[in-house]
Amino acid sequence: MTPPSIAKSCFLIVDYHCASRMDYTKNAAAHNEQIEKKVKEEASQITSSVSDSELRIIAHKLSERVKELNCLYSISRLVETRHSAVDEVLQGVVDLIPPAWQYPEVTCARIKLENRQYKTANFKATKWRQTEIIFVNGEHFGKLEVYYLAEKPESDEGPFLKEERNLIHVIAERTGHIIEQKKAETSMQVLYEQEKKLRQRLQAEIKWRADFTRNLIHELKTPLTSLVATSQLLMEEEKDKKLSKLTRYVWEGASNLDNRIDELHDVIRGEIGKLKFEPKPLNLSSLLKSILDETRALAQQYEMTISLTVPDSLPEVYADAVRVQQIMLNLLNNAFKYAAEGGSIDISATVKSAQVAIEVRDKGPGISYEEQEHLFEPGYQIEHPGSRTGGLGIGLALCKLLVELHGGKILVKSRTGKGASFFFTLPLLREA
């Protein structure tokens, strides 16, 4: 038989050994049968035309290649073992090396890293050595060494085969990948533990904040509720105009403080996902008209006019009426605070795609681009000369929370000196 034909047969036999180990291949069984048939045919031809000595050489070479494949396969299986520490994996790699070399009985190996090493039980450094650098993330991280403990006949690279040079290169490369993978897993575990601790701390702080706020609100609301009710009763009963006026101031101040506390409570409950929210089919046009009537007196107090423009066929929305009213009153109160006396506030609603967009527009001093970036942050307030500022600065933050609870968006369009327009969207009622 010609050398090419012998080489072809060798590859077929190696292919057969590989396929038999990779039982996870979809068509492995059929593939193995085909290869086995070809191997038998080729083997038959070889035995009829090749001498016994040539067959022994071929069998020896094939045996060496199978040993190499077994080594690489075993390393792959070792890496697949879950939860194995990097030390355990690297020691396993070292122990798999000697059986893959031509003279396993005198072979030892070592993986030498920057700060530690892994070696076979019989390890001893000698002059018969093969080495390969281990790279991790592209940087020199250590080296893999294979030694013979006794002198052996000269071959391709001292006593070592050229195939063993290829093998040590592949093992070093895979070792680098193993270290990269294990380092990444360790880093991920550390980050996970840090995130877990931070999450637990955050949850504890949120709970403490909620408990503290609930207790604080209870302590404030209890006497305040009595003060609001008593001042309202005095205001209704007092006949003296001067005392009645003073009583009204007390009632208005107490009522305003009561509303601010309710807003603060809503913001806290919204942050922890416990805000009461009950969306239902809602006639938005009727609600906006009701809000307009409710705020006319306040507009007159500030010597301002307020108008409403909505289409006659404005469809229903799916929203919580109490929360929509809360949004509108916050936006209108802001407009009253910042708009100039004698100015106007315009409310409008338009249908856009599957939503209704509501706009509250004033002709106040406007809002700069820098201020707009922080406008919906809790506690943020804009200071304008002559404006009637006050409160906790949580009104717009609460508006954003409530709008997003509906699945909508809120935004502002404004330029300094040109007034401001606040827009928010609500989902239309879907037909069943």
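The values are calculated or read from the model by the stated rules, or taken from the named source; none is laboratory data. Every value quoted in this text rests on a predicted model; they were computed, and no experiment measured them. Note that each Cβ is placed from the backbone with ideal geometry, even for glycine, and that neighbours are counted across all protein chains shown. Each accessible area value is taken on the protein alone, full model and side chains, heavy atoms only, with ligands, DNA and RNA left out. Shrake-Rupley method; radii C 1.70, N 1.55, O 1.52, S 1.80 Å.
Laid out as a table, the results:
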{"item": "For the stretch 135-210, the Rg and Dmax computed from alpha carbons only, in angstrom", "result": "23.7, 80"}
{"item": "Hits among aspartates and glutamates - C-alpha to C-alpha of LYS363 under 16 Å, sequence gap 8 or more where chains match", "result": "GLU303, GLU341, ASP346"}
{"item": "Phi-based couplings in Hz for the stretch 240-249 (Karplus 6.51, -1.76, 1.60; Gly and Pro marked x)", "result": "6, 4, 5, 5, 4, 5, 5, 5, 4, 4"}
{"item": "Rg/Rh ratio calculated on Cα atoms of the stretch 281-432 (Kirkwood radius)", "result": "0.95"}
{"item": "Residues of the stretch 220-281: accessible area per residue with a 1.4 Å probe, Å²", "result": "69"}
{"item": "Mean-position separation - Cα centroids, the stretch 292-321 and the stretch 78-113, in angstrom", "result": "79"}
{"item": "Interchain or long-range residues, amide H under 5 Å from GLY419's placed H", "result": "GLY364, GLY366"}
{"item": "For the stretch 285-366, share of DSSP beta bridges that run antiparallel, in % to the nearest 5", "result": "60"}
{"item": "Whichever aspartates and glutamates have a C-alpha closer than 13 Å to that of LYS207, once near sequence neighbours (fewer than 8 apart) are set aside", "result": "GLU271"}
{"item": "Vicinal HN-Hα couplings computed from phi for the stretch 224-237 (Karplus, 6.51 cos²θ - 1.76 cosθ + 1.60; Hz; Gly/Pro x)", "result": "5, 4, 5, 5, 4, 5, 5, 5, 5, 5, 4, 5, 6, 8"}
{"item": "Lysines whose Cα lies under 29 Å from that of LYS280, excluding same-chain neighbours fewer than 8 positions away", "result": "LYS289, LYS352, LYS400, LYS409"}
{"item": "Carbon/sulfur fraction of accessible area - the stretch 221-309, other protein chains in place, 1.4 Å, %", "result": "54"}
{"item": "For ALA319, distant residues with modelled amide H under 5 Å away", "result": "LYS280, LEU282"}
{"item": "Check: the stretch 51-195 dipole with +1 on Lys, Arg Cβ and -1 on Asp, Glu Cβ, in debye", "result": "280"}
{"item": "Distant-in-sequence amide H partners of VAL136 (H built 1.01 Å from N, under 5 Å)", "result": "PHE141"}
{"item": "Solvent exposure of the stretch 116-162 as accessible area per residue, Å², 1.4 Å probe", "result": "61"}
{"item": "Cut-off 19 Å (backbone N to label point 7 Å along Cα→Cβ of ASP87), residues of the stretch 166-194", "result": "178-187, 189-190"}
{"item": "J(HN,Hα) series, the stretch 102-114, from Karplus relation 6.51 cos²θ - 1.76 cosθ + 1.60, nearest Hz, glycine and proline x", "result": "5, 10, x, 5, 10, 9, 9, 8, 8, 9, 10, 9, 4"}
{"item": "Bins of 10 Å from zero: percent of alpha-carbon pairs in the stretch 214-362", "result": "10, 28, 33, 23, 6, 0"}
{"item": "Mean shadow area of the stretch 92-250, taken as a quarter of the surface of its Cα convex hull (nm²)", "result": "17.2"}
{"item": "Normalised convex hull volume, the stretch 62-163, alpha-carbon set, Å³ per residue", "result": "116"}
{"item": "ALA125 paired with GLU252, simple spin-label distance in nm, labels 7 Å along Cα-to-beta-carbon", "result": "9.2"}
{"item": "Ranked by how many other beta carbons lie within 10 Å on average, peptides 253-262, 321-330, 361-370 from highest", "result": "321-330, 361-370, 253-262"}
